[in-house]
1. Just wondering, is there one or more residues in the range A:17-40 that are without any contact (Cβ under 8 Å) to a residue 24 or more places away in the chain, within 12 Å of chain B (Cβ to nearest Cβ), in contact with a His (Cβ under 6 Å, 6 or more places away or on another chain) and not aliphatic (A, V, I, L, M)?
2. Considering (1) among the charged types (D, E, K, R); (2) surrounded by fewer than 21 Cβ atoms within 10 Å (Cβ to Cβ); (3) away from every other protein chain (no Cβ under 14 Å); (4) outside any helix (DSSP H, G or I), say which one B:R281 fails and leave the rest.
3. Given the conditions (1) within 20 Å of A:F75 (Cα to Cα); (2) under 17 Å from the mean Cα position of the chain (by Cα); (3) surrounded by fewer than 22 Cβ atoms within 10 Å (Cβ to Cβ), and given that A:Y12 satisfies all but one, which numbered condition is not satisfied?
4. Among the residues of the range A:244-252, is any within 14 Å of chain B (Cβ to nearest Cβ) and modelled with pLDDT under 95?
5. Please go through the range B:308-342 and give me each residue that is farther than 30 Å from A:G60 by Cβ and among the acidic types (D, E), ordered by number.
6. (1) crowded, with 20+ Cβ neighbours inside 10 Å; (2) over 15 Å from the mean Cα position of the chain (by Cα); (3) closer than 30 Å to B:P202 by Cβ: which one isn't true of B:F111, the others all being true?
7. Residues that are in contact with a Pro (Cβ under 6 Å, 6 or more places away or on another chain), away from every other protein chain (no Cβ under 14 Å) and assigned to a loop (DSSP other than H, G, I, E, B): does the range A:111-130 have at least one?
8. Which of the residues belonging to the range A:111-132 are in contact (Cβ under 8 Å) with a residue 60 or more places away in the chain and farther than 24 Å from A:I270 by Cβ?
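The values are calculated or read from the model by the stated rules, or taken from the named source; none is laboratory data. Bear in mind that the values here come from a model prediction, so they are computed numbers and not experimental data. Note that each Cβ is placed from the backbone with ideal geometry, even for glycine, and that neighbours are counted across all protein chains shown.
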Number of protein chains: 2
Amino acid sequence: MNVSILFGGASYEHEISIISAITLKDKLSALDLNFIFLDQDHTFYLIKADKMDAKTFSDGSYKKAPKLSMQKGGFFKKGRFGSSQVACDRVLNLIHGADGEDGTLAALFDFYEIDYIGPRKDASVVSFDKFMTKAYASVCGIDTVSYEVLNGERKSSIDYPFIIKPTRLGSSIGVSIVKNADELDYALDVAYEFDDRLLIEPFIKGVKEYNVAGCMTREGLELSIIEEPNKEEFLDFEKKYMDFSRTEQVSKADISDELKAALYAAFEKIYTPLFVGALIRCDFFVVEGKVLLNEINPIPGSMANYLFSDFTELITRMRMPKRKEIKIEYAYLHSIRSAKGK
Amino acid sequence: MNVSILFGGASYEHEISIISAITLKDKLSALDLNFIFLDQDHTFYLIKADKMDAKTFSDGSYKKAPKLSMQKGGFFKKGRFGSSQVACDRVLNLIHGADGEDGTLAALFDFYEIDYIGPRKDASVVSFDKFMTKAYASVCGIDTVSYEVLNGERKSSIDYPFIIKPTRLGSSIGVSIVKNADELDYALDVAYEFDDRLLIEPFIKGVKEYNVAGCMTREGLELSIIEEPNKEEFLDFEKKYMDFSRTEQVSKADISDELKAALYAAFEKIYTPLFVGALIRCDFFVVEGKVLLNEINPIPGSMANYLFSDFTELITRMRMPKRKEIKIEYAYLHSIRSAKGK
């Protein structure tokens, strides 16, 4: 099976996507891999495996690689004698943040009928917008941390300390913990810089966090071990970067069978059927014994490979959602024409 | 200004989109127009103005028209001596239902930096999914009819009569009014045929309905007259079709200044800023003096031209949202390389 790893994108997480791709190049070396880079100007390039290092991108030498265009059924390389299709059974969408996780590329893949691992458009919008995540969790019957939405307002009814988040950016960009009124104005300015709608949540000190990843395979929903991440107050951008190059399998969280079952059940409710086609990681909080969904990562850093013992094999067994076939028969236009006699 | 009317799409509303386009051909005849047809297989065709009739599509003769491809900056026609760009200052997205209103084409236009009139991706997902519409309305501080979501369940706690709707289809497809328990099973079967998630709402007999359309122009938010549509129990598919060929300006609803102000205020809260770039129609209910959002039509039939006195001129004055520029400097990759000394 040929898997084309797509990375880069016009996103604040462009560089961590490159790190993710370099990490997966080694992790998935048993597969037949291609590397497709999307630069900040939305041009696709086919990168040779031996050029998959930081230098190729930071010094701009990727621009010498062949350009690709996306057309029906796949990616095409222009040659002297017409264009040729790049071998690709399945794209692995590894573009974190905008383009990859906001549903843009999902829409392109679906439109051009290209098989891909990654969240579909609707799943992307639900996980990319923190308010939508909360609304979706509530329909699935999963609790989240209480919250307030600010549409340009500059005060909150939630007690200090609280967290301010732009509704639509990942990787902690624009996020602040506000401890008192003196810190509020600056935190609001920073957050409104990135989004016109903010989410305020009470800051819960020492909250227990657990991560679970999983995906639908031909055999059914397969879940990872549960990890209790080593958390600082919250991960800043630099620390998150380091997180995207992880490959060593982590050890299981030391939790009761009851909590384990509750976390897996919550994951399943969130995942099915909206996220079929993607390998996602859900980050949960546990507060007073109750499982709360914190975040859905529909394209987790290096695909959360470190949570699975058989990662490569899992990728090849993933199940894709069925395409909806719409057959247009022009029954209505025919009936208009017969009525009009022309 | 050249406006390219894009219509068709792989959607259950494919045929009404053709009707909408034929209607706007006359209505917008003062503009320099192109007609781009998207067929059910996702191929684009450039249709000549004199071929814009039902026959061209129902007998398949559109297939003789030149094929177009979407690339950075616009649509391109392949010729004997390379490809040439089709003149187009702005696309008018007139694809109702899937492809047009679900955010797929919005994602393509944004990705390829093509200027377009129509809802952006996030706005599309919010208006296309009836549950998301309710969640969004609640953040905007606008009420909606009470509801329940069914995820595969086959019973509701809402009293009869109620309405069952698939969460993600327009044009009344799969919608039933259920008057008693005998009718429930069949209505559920029909609705689940189209979606795996359903919305149940109490059926409010004789509810007052009012429609308002509007868009952001260079001058600010411009609103249409308020129409009280002539409603049957609900519009079935055939009646909705007729609705898509309207061009005569309708008369204003006879309502109090207070209600008028309340409807306009609700429209503005829903519209700004999520729907900038689109001309939308909001359908409101008024129950016991309270304004409830029923539906957002982000690409209304024939663009609700019949609600405006200066429709053509309005289209040319519409304001488009700013593109976000993301500039990638590779600061992080540079810092890794200096740390590693290579």
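1. No, every residue in the range A:17-40 fails to be without any contact (Cβ under 8 Å) to a residue 24 or more places away in the chain, within 12 Å of chain B (Cβ to nearest Cβ), in contact with a His (Cβ under 6 Å, 6 or more places away or on another chain) and not aliphatic (A, V, I, L, M).
2. (2)
3. So the condition that A:Y12 fails would be (1).
4. yes
5. Matches in the range B:308-342: B:D310, B:E313.
6. (3)
7. no
8. A:E113
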